[in-house]
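What follows is a single structure, written as structure tokens, with notes after it.
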Amino acid sequence: MQIVCLDLEGVLVPEIWIAFSERTRIPELRRTTRDEPDYDKLMRFRLDLLRRHGLGLSDIQAVIAGMRPEQGAREFLDALRRSYQVIILSDTFYEFAMPLMEQLGMPTLFCHRLETDAQGFVSAYHLRMPEQKQASVRALKALQFRVVAAGDSYNDTAMLREAHAGILFRPPQNVIDEFPQFPVVRDYPSLRAAIDEAATRVGG
């Protein structure tokens, strides 16, 4: 049996923090895992910015409510799920992602959770576990699944290495340069073709 594991932001939906940065006009919030490989450092930076600017969880959710999946993402995902079991492995948070999941047909999502204080500020974030993407793929392999994975950022590369086959989708040049072992595709037809080719190659 084969499973496809996909990142969420940058693959199926726009980057939430970039959209929030544009809405709030806080350019520092544009920094994502495409730029910063240390996720804990990135999140502490974000939470400090939110607090300094007086922005709470509801402010972020209001922006997300107006977001839509990438053009063609729902059709790509629907077709993919007819041929493979698909799991979305993301470093986003359930408090952010659920409106977007509804628009994608409620695929299975593994991600993290946020904690808020009495004033509605995000006070902490709770990882499911360190390197949860890589750990999830490793667990699926232990269950005798063959895994093909696709993502776009630094925080996807451990998942891509762990999978039987890994694919970069619309990555920035710095990620391409540092991880030349992964094929690069830039649109959904090419991603589907790469997944099918990899699935045939790794068997299952």
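Scanning segment 84-120 for residues that are among the small types (Gly, Ala, Ser) and under 25 Å from residue 50 (Cβ atoms), we see that the one that is surrounded by the most Cβ atoms within 10 Å (Cβ to Cβ) is 90. Based on this model, can you work out whether residue 124 counts as among the hydrophobic types (A, V, I, L, M, F, W, C), at negative phi and open to solvent by 20 Å² or more (accessible area, probe 1.4 Å)? Here the answer is yes, as residue 124 does meet what is asked.
Applying a threshold of 8 Å to beta carbon distances and a minimum spacing of six or more residues, or different chains, the list of pairs starting in segment 112-124 at a residue that is closer than 23 Å to residue 9 by Cα and at pLDDT 95 or above and ending at one that is of a type in the set (Asp, Glu) and in a strand (DSSP E or B) reads 112/91. Assess whether residue 177 counts as being part of a helix (DSSP H, G or I) and in contact (Cβ under 8 Å) with a residue 24 or more places away in the chain. When the stated conditions are applied, residue 177 does not pass them. Of the residues making up segment 56-72, just one is open to solvent by 30 Å² or more (accessible area, probe 1.4 Å), under 20 Å from residue 123 (Cβ atoms) and either in contact (Cβ under 8 Å) with a residue 60 or more places away in the chain or not in a helix (DSSP H, G or I) (or both), namely 58.
When segment 30-55 is filtered for residues that are closer than 29 Å to residue 76 by Cα and either hydroxyl-bearing (Ser, Thr, Tyr) or open to solvent by less than 10 Å² (accessible area, probe 1.4 Å) (or both), the ones remaining, listed by number, are 32, 33, 39.
The values are calculated or read from the model by the stated rules, or taken from the named source; none is laboratory data. Owing to the predicted nature of the structure, the values given are computational and were not obtained by experimental measurement. Cβ coordinates were reconstructed from backbone atoms using ideal geometry, including for glycine residues, and neighbour counts include every protein chain displayed. Calculation scope for accessible area: heavy atoms of the full protein, side chains included, ligands and nucleic acids excluded. Shrake-Rupley method; radii C 1.70, N 1.55, O 1.52, S 1.80 Å.
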